[in-house]
Structure formats: structure tokens, C-alpha cells
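A.B. asks: Let me begin by handing over the structure; questions about it come next.
What follows draws every value from the coordinates through simple rules; no lab data is involved. Keep in mind that what you see is a predicted model, and the values were worked out from it rather than measured. Quick reminder, even Gly has a Cβ in these numbers, built from the backbone with ideal geometry, and neighbours come from all protein chains shown.
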Amino acid sequence: MTAAIACVGLVCADLLLYSVLIAPSAARLKAAEIRSAELRQRHAEAVLFKKQRQLFAGIMAGIPAQKDMPILVKELVQTARRLNVSVASVKYDMPKQAGGEFTLLTFSFPAEGRYQDIKRFIYDVETADRLVGIRDMKLDAEKGRVRLEMKLVTYVKGQ
């Protein structure tokens, strides 16, 4: 009888010990695992943001300021001439800043040359380090010469 009471007492003590110490620690362990997963996710996002911030800084440095626009045009004209493409007058109007820091600038770029030279020039514009895109392009051929009328776009920074 004493052994049965002792056994029941030990079982009750075991249940009490389990409910007070073991069960709450399992819940704390589960919460700690969830918190650890969240922290790992936040750390991965922070590392990715740090890498992307460096990339965006490079992009931001590649965007010309309004005062640099003649330099950009000069570089494009020099590239064209290096490829034996003649360039007529490039026209652009500097837009007024409209509240934002960047403004989209569209400018025309008329050129003329042999087909293979024009093709190479278009490739060089598309793969340039500068942030310049081709919005529109018209080609016309006459007597072995190709006339190109491109509308180029870029973003410019305010002053």
C-alpha cells in the first residue's frame, strides 16, 4: 500500500514537474525558433540591401546632371565619328525640374553612314556605360547611305 501511494505520489510529482518546467520550456523553444527564423530572414534582407545599395550608388553616379548633358552628347558624337557615322545637330531641351530629383530627358540624334557602321553605333549606344536608352528609331536608305533618326532618353539630376 505504501509502495502504491509512493508510486502515485511520484507520478503526481512527475506530472506537476512536467506541467511547470518541461511544457513551458517547449513552448519557449518553439517561440525562440520562430524568432530565430525571423532574425535570419531580416539579416539576409539587410545583407541584400547592403549589396543593392552599392549597386544603386553606381547607377546614381552614372546619371548625368543637367550641366553634364553637353558632355553626354559630345561622347555620343565622338562614338559616332569613331565609327565613321556623321552626325547632324543634336537637339534637346532641358526640362524644368518638376518636384522630383530626376527628370526624363528625350533628345533627337540624327546620323548618317554605311549600314554596318550605323548598326555598330546602335549597338554601342545600347551597351554604353551611360544610362541612355533608345526610345524611337527610324532608318532610311538612299544611294548606299543609311540615315538614322534616333530619339534617345536619359534621366538627368537637378542642380
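A.B. asks: Hey, rough spin-label estimate for K67 and I134, points 7 angstrom out along Cα→Cβ, what's it come to in nanometres?
C.D. replies: 3.3 nm
A.B. asks: Rounded to whole Å, give me the distance from the Cα center of segment 109-159 to that of segment 1-50.
C.D. replies: The distance from the Cα centre of segment 109-159 to that of segment 1-50 comes to 67 Å.
A.B. asks: Mind checking the full-extension length gain between L104 and R145? Use 0.36 nm per residue of separation minus the Cα-Cα distance, one decimal, nm.
C.D. replies: Length gained, L104 through R145: 11.6 nm.
A.B. asks: Determine one quarter of the surface area of the Cα convex hull of segment 66-157, which equals its mean projected area, and express it in nm² to one decimal.
C.D. replies: Orientation-averaged projected area of the Cα hull: 5.7 nm².
A.B. asks: Hey, got a sec? Which GluC sites (Glu not before Pro) in segment 101-157 land in a DSSP loop and have at most 11 other Cβ atoms within 10 Å?
C.D. replies: E101
A.B. asks: Within the chain, how many lysine pairs that are 8 or more places apart, or on different chains, have C-alpha atoms less than 17 Å apart?
C.D. replies: 11
A.B. asks: Would you kindly calculate the translational diffusion coefficient of the chain, applying Stokes-Einstein with the Kirkwood radius from alpha carbon pairs, for 10 °C and a viscosity of 1.306 mPa s, and quote it in µm² s⁻¹ without decimals?
C.D. replies: Calculated translational D: 74 µm²/s.
A.B. asks: With springs connecting C-alpha atoms under 10 Å apart, model the chain as a Gaussian network and identify which of L131, L148, L21 has the largest mean-square fluctuation.
C.D. replies: Maximum among the listed residues: L21.
A.B. asks: Can I ask one more? Using a 10 angstrom cutoff on alpha carbons, build the Gaussian network for the chain and name the most mobile of A13, A37, A46.
C.D. replies: Sorting by GNM fluctuation, first place goes to A13.
A.B. asks: Taking 8 Å as the Cα distance limit and 6 or more residues as the minimum spacing, I'd like the relative contact order of the chain as a percentage.
C.D. replies: Worked out over the chain, it gives 22 percent.
A.B. asks: For the Cα atoms of the chain, what angle does the longest principal axis make with the long axis of helix 69-82, in degrees from 0 to 90, nearest 10?
C.D. replies: 70 degrees
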